[in-house]
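Enquirer: Take this structure, written in structure tokens, and hold onto it; I'll ask about it next.
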Amino acid sequence: MSEPINRTISVAPMLDWTDKHCRYFLRQISQHALLYTEMVTTGAIIFGKGDYLAYNQEEHPVALQLGGSDPTDMTRCAAKAQQYGYDEVNINVGCPSDRVQNGRFGACLMAEPETVAACVTSMQAEVDIPVTVKSRIGIDDMDEYHDLTRFIEVVAASGCDTFVVHARKAWLKGLSPKQNRDVPPLMYDRVYQLKQQFPDLHISLNGGVKTLDDVEHHLNHLDGVMIGREVYSNPYILAEVDQRFYNGQASCKTRAEVVMAMLPYVEQQISQGARPWSVARHMLGLFQGQPGGRIWRRYLSQNGTKANAGLELLSDALEVLLEAQHKAKQFQNEVIG
Ligand SMILES: Cc1cc2nc3c(=O)[nH]c(=O)nc-3n(C[C@H](O)[C@H](O)[C@H](O)COP(=O)(O)O)c2cc1C
């Protein structure tokens with residue numbers, strides 16, 4: 001019998017969304033969920049002027065997602081990721097954008113498992129952190145189950161034992177990246193079947209997961225679940241992750257405590273030249289579905305983008321929200337008695 005595989009709940013890599021500020025914020029809500037960076041291309045890391053790998057130590061566990069397909073470049077970047085202290089390096093085999101296709105990486109690599117395998121072999125020879133792959137279930141006309149298993153077989157043979165599979169195919173021509181996240185149907189059974197066929201691989205499912213009950217359901221079949229858009233629009237969904245899936249503490253921060261916990265961070269970021277909006281923009285959905293949630297969102301978007309927005313942005317927004325909640329309660333008491 002092989003060892004039981006650890007379960008993983010993760011937040012998906014999302015370009016322009018899961019930057020270091022977003023991840024710092026999400027970490028206030030769950031201590032254990034694995035957080036992925038946005039995809040960073042090997043070109044940006046090797047030739048770019050900025051520091052594309054900078055992150056906050058508080059973000060751990062955090063995985064760097066790389067976009068690239070040249071084994072030498074990928075290995076150089078994996079070595080850098082390890083130096084920076086990332087917990088994992090993940091290869092993007094799921095993005096269908098034209099720009100990414102032109103660079104010969106992302107989802108089009110599903111047609112080139114040998115290239116991905118060559119990257120994995122070379123990267124693993126250089127680093128000790130896990131090298132993992134995020135893929136689709138297929139692309140274009142290469143969308144039969146046996147196409148998927150061939151991809152997994154070849155890449156797993158190179159030493160990769162952890163896969164995240166977005167349970168829908170991608171059309172490389174004709175659909176935008178956004179459409180490619182909604183139009184092709186979700187086929188969870190394909191991913192379940194994969195786990196049955198490769199029980200020793202750690203396989204996470206991604207795509208369309210909206211609740212922790214969904215997560216629990218998928219975990220009956222799989223080792224992990226990755227959530228993307230739902231976490232971004234409703235981040236407090238992560239609040240019960242530690243308790244439900246990691247035997248963590250039953251009590252996590254309230255939404256208001258999360259806001260308070262962000263204040264020193266915003267102050268520190270402002271002192272380094274960042275605008276409060278670059279942090280606050282990720283927090284718009286914190287009170288989603290709560291009384292006053294829309295007021296919070298509106299206050300932040302109207303005031304956060306002003307040139308003179310300062311440290312008080314978040315605490316003022318919280319005050320406005322709490323006041324609205326208080327008034328709503330008072331009104332309710334008066335009307336209902
Ligand atoms: C704004 C946005 C940016 C994304 N950027 C990336 C990316 O950089 N790398 C990647 O592998 N997937 C990216 N994705 C896809 C997500 O990681 C995920 O696979 C997809 O959203 C499906 O999961 P969900 O239904 O839980 O959102 C992005 C998705 C969104 C919405």
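Enquirer: Tell me the helices (runs of 4 or more DSSP H) entirely within the range 176-253 that contain at least 2 residues that are within 13 Å of the ligand (Cβ to nearest atom) and either under 23 Å from SER135 (Cβ atoms) or among the β-branched types (Val, Ile, Thr) (or both).
Expert: It comes to 188-197, 212-219, 229-233.
Enquirer: Out of GLY138, GLY159, GLY67, report the one residue that is within 14 Å of the ligand (Cβ to nearest atom) and touching a helix residue (DSSP H, G or I) at 6+ places or on another chain (Cβ under 8 Å).
Expert: GLY67
Enquirer: Related question: Would you please list the contacts, defined by Cβ atoms under 7 Å and residues six or more apart or on different chains, that run from a residue in the range 238-252 that is surrounded by 15 or more Cβ atoms within 10 Å (Cβ to Cβ) to a residue that is of a type in the set (Ser, Thr, Tyr)?
Expert: Listed pairs, sorted by first residue: LEU238/SER30; VAL241/SER30; ASP242/SER30.
Enquirer: For GLU216, state whether it is under 30 Å from PHE198 (Cβ atoms), of a type in the set (Asp, Glu) and open to solvent by less than 50 Å² (accessible area, probe 1.4 Å).
Expert: When the stated conditions are applied, GLU216 does not pass them.
Enquirer: Which of the following residues is outside the structural domain of THR18 (by TED's automatic domain parsing), more than 19 Å from TRP17 (Cα to Cα) and assigned to a helix (DSSP H, G or I): GLN325, GLN269, GLN290?
Expert: GLN325
Per-residue answers, yes or no, for (1) of a type outside the set (D, E, K, R); (2) surrounded by fewer than 24 Cβ atoms within 10 Å (Cβ to Cβ); (3) over 12 Å from ARG23 (Cβ atoms):
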| position | (1), (2), (3) |
| --- | --- |
| ILE46 | yes, yes, yes |
| ASP51 | no, yes, yes |
| ALA54 | yes, yes, no |
| LEU64 | yes, no, no |
| SER69 | yes, yes, yes |
| THR72 | yes, yes, yes |
| ARG76 | no, yes, yes |
| LYS80 | no, yes, yes |
| VAL93 | yes, no, yes |
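Enquirer: Go through the range 157-203 and give me each residue that's under 21 Å from ALA63 (Cβ atoms), touching a Phe, Trp or Tyr at 6+ places or on another chain (Cβ under 7 Å) and buried (at least 22 other Cβ atoms within 10 Å of the Cβ).
Expert: Residues satisfying the conditions are ALA167, ILE203.
Enquirer: Of the conditions (1) in contact (Cβ under 8 Å) with a residue 12 or more places away in the chain; (2) within 23 Å of the chain's Cα centre (by Cα), ASP98 clears all except one; give me its number.
Expert: Condition (1) is where ASP98 drops out.
Enquirer: I would also like to ask the following. Mind checking which residues of the range 49-64 are within 16 Å of the ligand (Cβ to nearest atom) and out of contact with any helix residue (DSSP H, G or I) (no Cβ under 7 Å at 6 or more places or on another chain)?
Expert: Hit for the range 49-64 is ALA63, nothing else.
Enquirer: Would you mind stating whether GLY285 is buried (at least 17 other Cβ atoms within 10 Å of the Cβ), more than 30 Å from GLN197 (Cα to Cα) and assigned by TED's automatic domain parsing to the domain that holds SER315?
Expert: Yes; evaluated as a whole, the condition is true for this residue.
Enquirer: Tell me the residue from GLY292, GLY273 that is on the phi > 0 side of the Ramachandran plot, open to solvent by 30 Å² or more (accessible area, probe 1.4 Å) and not hydroxyl-bearing (Ser, Thr, Tyr), please.
Expert: Within the list GLY292, GLY273, the selection yields GLY273.
The values are calculated or read from the model by the stated rules, or taken from the named source; none is laboratory data. Bear in mind that the values here come from a model prediction, so they are computed numbers and not experimental data. Please note: Cβ atoms are built from the backbone with ideal geometry, for glycine as well, and neighbour counts cover all protein chains shown. Just so you know, the surface numbers come from the protein's heavy atoms only, side chains and all, with ligands and any DNA or RNA stripped out. Shrake-Rupley method; radii C 1.70, N 1.55, O 1.52, S 1.80 Å.
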